[in-house]
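In what follows, a structure is listed as C-alpha coordinates, so that the remarks can point back to it.
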Amino acid sequence: MGLRQRILLPALVSLFSIFPASSCNSPPTTPPPPPPVVNRAPDTEIIHSFGEYGTITYTFSGRDTDGSISRISVKINSLASRDVGLNSSLEVSIIEGANRAEATAHDNEDLADPTPAVYSFVSPTETQARDLISRILGERASTYRRLERDVLLSLGAIENFYVDFLATTNDGTDAVICYVGHTENSGVQRANSEYLSLIGVPNRYFFRLPEIEITSRLTTFINNGFR
(Lines give C-alpha, C1' and ligand atoms only; values in the text may rest on other atoms or scores of the structure.)
Protein backbone atom coordinates (compact mmCIF):
# COMPACT_ATOMS: atom_id res chain seq x y z
CA MET A 1 0.00 0.00 0.00
CA GLY A 2 1.48 3.34 -1.02
CA LEU A 3 1.89 6.31 1.28
CA ARG A 4 -1.11 8.17 -0.28
CA GLN A 5 -3.43 5.21 0.35
CA ARG A 6 -2.31 4.93 3.94
CA ILE A 7 -3.16 8.59 4.53
CA LEU A 8 -6.68 8.43 2.92
CA LEU A 9 -7.87 5.35 4.79
CA PRO A 10 -7.95 6.91 8.28
CA ALA A 11 -9.72 9.96 6.85
CA LEU A 12 -12.52 7.82 5.34
CA VAL A 13 -12.93 5.98 8.61
CA SER A 14 -13.28 9.32 10.40
CA LEU A 15 -15.97 10.52 7.98
CA PHE A 16 -18.07 7.38 8.39
CA SER A 17 -17.93 7.76 12.16
CA ILE A 18 -19.45 11.25 11.84
CA PHE A 19 -22.02 10.42 9.11
CA PRO A 20 -22.96 6.75 9.51
CA ALA A 21 -24.43 5.08 6.47
CA SER A 22 -27.66 4.24 8.25
CA SER A 23 -28.51 7.93 8.73
CA CYS A 24 -28.97 8.37 5.05
CA ASN A 25 -31.69 5.70 4.89
CA SER A 26 -33.78 6.55 8.09
CA PRO A 27 -37.50 7.40 7.49
CA PRO A 28 -38.65 10.90 8.58
CA THR A 29 -39.86 11.15 12.19
CA THR A 30 -43.70 11.44 12.49
CA PRO A 31 -44.88 13.87 15.24
CA PRO A 32 -47.29 12.40 17.82
CA PRO A 33 -50.99 13.10 17.23
CA PRO A 34 -52.47 16.00 19.22
CA PRO A 35 -54.36 15.04 22.40
CA PRO A 36 -58.12 14.60 21.91
CA VAL A 37 -60.27 17.65 22.65
CA VAL A 38 -62.30 17.02 25.80
CA ASN A 39 -65.66 18.80 25.98
CA ARG A 40 -65.98 20.52 29.35
CA ALA A 41 -69.35 20.46 31.11
CA PRO A 42 -71.28 23.72 31.55
CA ASP A 43 -72.15 25.44 34.81
CA THR A 44 -75.67 26.40 35.94
CA GLU A 45 -76.97 29.22 38.15
CA ILE A 46 -80.36 30.07 39.68
CA ILE A 47 -81.25 33.62 40.70
CA HIS A 48 -84.43 34.17 42.72
CA SER A 49 -86.61 37.06 43.84
CA PHE A 50 -89.69 36.97 46.06
CA GLY A 51 -92.86 38.72 44.97
CA GLU A 52 -95.25 40.62 47.20
CA TYR A 53 -98.08 38.11 47.33
CA GLY A 54 -96.88 34.55 47.65
CA THR A 55 -94.83 34.14 44.49
CA ILE A 56 -91.18 33.60 43.69
CA THR A 57 -89.46 34.24 40.36
CA TYR A 58 -86.56 32.05 39.29
CA THR A 59 -84.14 33.08 36.55
CA PHE A 60 -81.96 30.33 35.07
CA SER A 61 -78.57 30.93 33.47
CA GLY A 62 -75.63 28.85 32.33
CA ARG A 63 -72.03 29.27 31.23
CA ASP A 64 -70.01 27.08 28.88
CA THR A 65 -66.31 27.87 28.40
CA ASP A 66 -65.85 25.86 25.20
CA GLY A 67 -69.23 26.05 23.51
CA SER A 68 -72.72 27.36 24.10
CA ILE A 69 -75.80 26.53 26.17
CA SER A 70 -78.51 24.75 24.19
CA ARG A 71 -81.13 24.33 26.92
CA ILE A 72 -81.68 24.27 30.68
CA SER A 73 -83.73 21.51 32.30
CA VAL A 74 -85.77 22.85 35.21
CA LYS A 75 -87.70 21.08 37.95
CA ILE A 76 -89.67 23.05 40.55
CA ASN A 77 -91.23 21.31 43.55
CA SER A 78 -93.35 18.39 42.33
CA LEU A 79 -93.97 19.85 38.87
CA ALA A 80 -92.75 17.88 35.87
CA SER A 81 -89.34 18.77 34.48
CA ARG A 82 -89.32 21.18 31.56
CA ASP A 83 -86.73 22.76 29.25
CA VAL A 84 -86.23 26.51 29.11
CA GLY A 85 -83.86 28.77 27.22
CA LEU A 86 -80.86 30.63 28.58
CA ASN A 87 -81.78 33.42 31.05
CA SER A 88 -85.42 32.37 31.10
CA SER A 89 -87.56 33.35 34.10
CA LEU A 90 -90.47 31.52 35.70
CA GLU A 91 -92.83 32.94 38.32
CA VAL A 92 -94.46 30.28 40.49
CA SER A 93 -96.60 30.23 43.61
CA ILE A 94 -94.88 29.47 46.90
CA ILE A 95 -96.22 26.29 48.44
CA GLU A 96 -96.58 25.62 52.14
CA GLY A 97 -93.55 23.85 53.58
CA ALA A 98 -90.53 22.89 51.48
CA ASN A 99 -89.92 24.66 48.16
CA ARG A 100 -87.16 23.57 45.80
CA ALA A 101 -85.92 24.54 42.34
CA GLU A 102 -83.27 22.58 40.43
CA ALA A 103 -81.72 23.51 37.08
CA THR A 104 -79.29 21.68 34.79
CA ALA A 105 -77.63 23.39 31.82
CA HIS A 106 -76.86 21.38 28.65
CA ASP A 107 -74.24 22.52 26.16
CA ASN A 108 -74.29 22.39 22.37
CA GLU A 109 -73.15 18.74 22.48
CA ASP A 110 -75.91 18.01 25.02
CA LEU A 111 -73.40 17.47 27.83
CA ALA A 112 -75.16 18.16 31.12
CA ASP A 113 -73.83 20.02 34.14
CA PRO A 114 -72.92 17.20 36.59
CA THR A 115 -73.67 19.48 39.58
CA PRO A 116 -77.10 21.08 38.96
CA ALA A 117 -77.92 24.41 40.60
CA VAL A 118 -80.38 24.14 43.50
CA TYR A 119 -82.26 26.74 45.54
CA SER A 120 -84.51 25.65 48.38
CA PHE A 121 -86.34 27.27 51.29
CA VAL A 122 -89.15 26.52 53.73
CA SER A 123 -92.38 28.48 53.90
CA PRO A 124 -93.40 28.66 57.58
CA THR A 125 -96.76 27.63 58.91
CA GLU A 126 -99.24 30.36 59.74
CA THR A 127 -98.54 29.89 63.47
CA GLN A 128 -94.78 30.13 62.94
CA ALA A 129 -95.15 33.27 60.84
CA ARG A 130 -97.42 34.98 63.39
CA ASP A 131 -95.05 34.11 66.24
CA LEU A 132 -92.12 35.51 64.27
CA ILE A 133 -93.97 38.74 63.44
CA SER A 134 -95.04 39.21 67.07
CA ARG A 135 -91.46 38.66 68.28
CA ILE A 136 -90.02 41.18 65.80
CA LEU A 137 -92.65 43.77 66.74
CA GLY A 138 -91.92 43.25 70.43
CA GLU A 139 -88.18 43.67 69.90
CA ARG A 140 -88.14 46.55 67.40
CA ALA A 141 -91.39 48.53 67.49
CA SER A 142 -91.60 51.09 70.28
CA THR A 143 -95.37 50.68 70.77
CA TYR A 144 -97.78 48.35 69.11
CA ARG A 145 -100.97 46.46 69.78
CA ARG A 146 -100.74 42.70 69.92
CA LEU A 147 -101.47 41.00 66.61
CA GLU A 148 -105.07 39.94 66.49
CA ARG A 149 -106.53 37.47 64.05
CA ASP A 150 -109.47 38.28 61.80
CA VAL A 151 -110.07 41.85 62.90
CA LEU A 152 -113.04 43.23 60.95
CA LEU A 153 -112.47 46.51 59.16
CA SER A 154 -115.08 48.45 57.24
CA LEU A 155 -113.26 50.67 54.80
CA GLY A 156 -115.48 52.51 52.38
CA ALA A 157 -116.88 50.12 49.80
CA ILE A 158 -115.14 47.08 51.32
CA GLU A 159 -117.17 45.22 53.90
CA ASN A 160 -116.17 42.25 56.04
CA PHE A 161 -112.50 42.97 55.42
CA TYR A 162 -110.65 40.71 57.85
CA VAL A 163 -107.00 41.39 58.62
CA ASP A 164 -104.30 40.91 61.19
CA PHE A 165 -104.01 44.31 62.79
CA LEU A 166 -101.21 46.45 64.20
CA ALA A 167 -101.92 49.86 65.75
CA THR A 168 -99.00 52.29 65.99
CA THR A 169 -99.63 54.85 68.67
CA ASN A 170 -96.74 57.30 68.22
CA ASP A 171 -98.73 59.40 65.81
CA GLY A 172 -102.08 57.66 66.01
CA THR A 173 -101.65 55.95 62.64
CA ASP A 174 -102.89 52.42 62.07
CA ALA A 175 -100.93 49.91 60.01
CA VAL A 176 -102.08 46.53 58.72
CA ILE A 177 -99.85 43.47 58.68
CA CYS A 178 -101.16 40.25 57.13
CA TYR A 179 -99.69 36.80 56.79
CA VAL A 180 -102.60 35.06 55.07
CA GLY A 181 -105.43 37.47 55.88
CA HIS A 182 -108.97 36.22 55.53
CA THR A 183 -108.18 34.21 52.41
CA GLU A 184 -105.32 32.27 50.89
CA ASN A 185 -106.08 33.75 47.50
CA SER A 186 -103.07 35.93 46.73
CA GLY A 187 -105.07 37.89 44.17
CA VAL A 188 -107.52 39.01 46.85
CA GLN A 189 -104.63 39.97 49.11
CA ARG A 190 -103.14 42.07 46.33
CA ALA A 191 -106.47 43.88 45.85
CA ASN A 192 -106.77 44.46 49.61
CA SER A 193 -103.25 45.88 49.81
CA GLU A 194 -103.79 48.18 46.84
CA TYR A 195 -107.04 49.44 48.35
CA LEU A 196 -105.43 50.07 51.74
CA SER A 197 -102.63 52.00 50.06
CA LEU A 198 -105.16 54.01 48.05
CA ILE A 199 -106.90 55.26 51.19
CA GLY A 200 -103.61 55.86 53.01
CA VAL A 201 -103.38 52.86 55.36
CA PRO A 202 -99.79 51.49 55.57
CA ASN A 203 -99.73 47.75 55.06
CA ARG A 204 -97.51 44.75 54.40
CA TYR A 205 -98.50 41.23 53.38
CA PHE A 206 -96.20 38.29 54.04
CA PHE A 207 -98.05 35.51 52.26
CA ARG A 208 -95.96 32.30 52.59
CA LEU A 209 -92.62 34.10 52.52
CA PRO A 210 -89.71 32.33 54.26
CA GLU A 211 -88.84 33.58 57.72
CA ILE A 212 -85.67 35.40 56.66
CA GLU A 213 -87.67 37.39 54.08
CA ILE A 214 -90.41 38.21 56.60
CA THR A 215 -87.76 39.41 59.04
CA SER A 216 -86.09 41.61 56.45
CA ARG A 217 -89.28 43.19 55.12
CA LEU A 218 -90.93 43.75 58.51
CA THR A 219 -87.75 45.24 59.98
CA THR A 220 -87.54 47.70 57.08
CA PHE A 221 -91.24 48.54 57.53
CA ILE A 222 -90.69 49.31 61.23
CA ASN A 223 -87.47 51.26 60.65
CA ASN A 224 -89.27 53.41 58.06
CA GLY A 225 -91.96 54.31 60.56
CA PHE A 226 -94.50 51.87 59.07
CA ARG A 227 -94.32 53.52 55.67
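The values are calculated or read from the model by the stated rules, or taken from the named source; none is laboratory data. Given the structure is predicted, the values throughout are model-derived calculations rather than measurements. Don't worry about glycine lacking a Cβ; one is built from the backbone with ideal geometry, like all the others, and counts go over all protein chains shown.
The figures follow:
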read-out: Selection count where residues are assigned to a loop (DSSP other than H, G, I, E, B) and over 29 Å from Glu211 (Cα atoms), scope the stretch 59-81; value: 5
read-out: Those residues of the stretch 29-60 which are surrounded by fewer than 18 Cβ atoms within 10 Å (Cβ to Cβ), among the hydroxyl-bearing types (Ser, Thr, Tyr) and in contact (Cβ under 8 Å) with a residue 24 or more places away in the chain, in sequence order; value: Thr55, Thr57, Thr59
read-out: Positions within the stretch 64-86 being within 13 Å of His106 (Cβ to Cβ), more than 19 Å from the chain's Cα centre (by Cα) and not polar (S, T, N, Q), in sequence order; value: Gly67
read-out: Segments classed as strands (runs of 3 or more DSSP E), wholly inside the stretch 82-200, with at least 2 members that are modelled with pLDDT of 90 or more and surrounded by 15 or more Cβ atoms within 10 Å (Cβ to Cβ); value: 88-93, 97-107, 117-123
read-out: Any chance Gly97 is on the phi > 0 side of the Ramachandran plot and out of contact with any helix residue (DSSP H, G or I) (no Cβ under 6 Å at 6 or more places or on another chain); value: yes
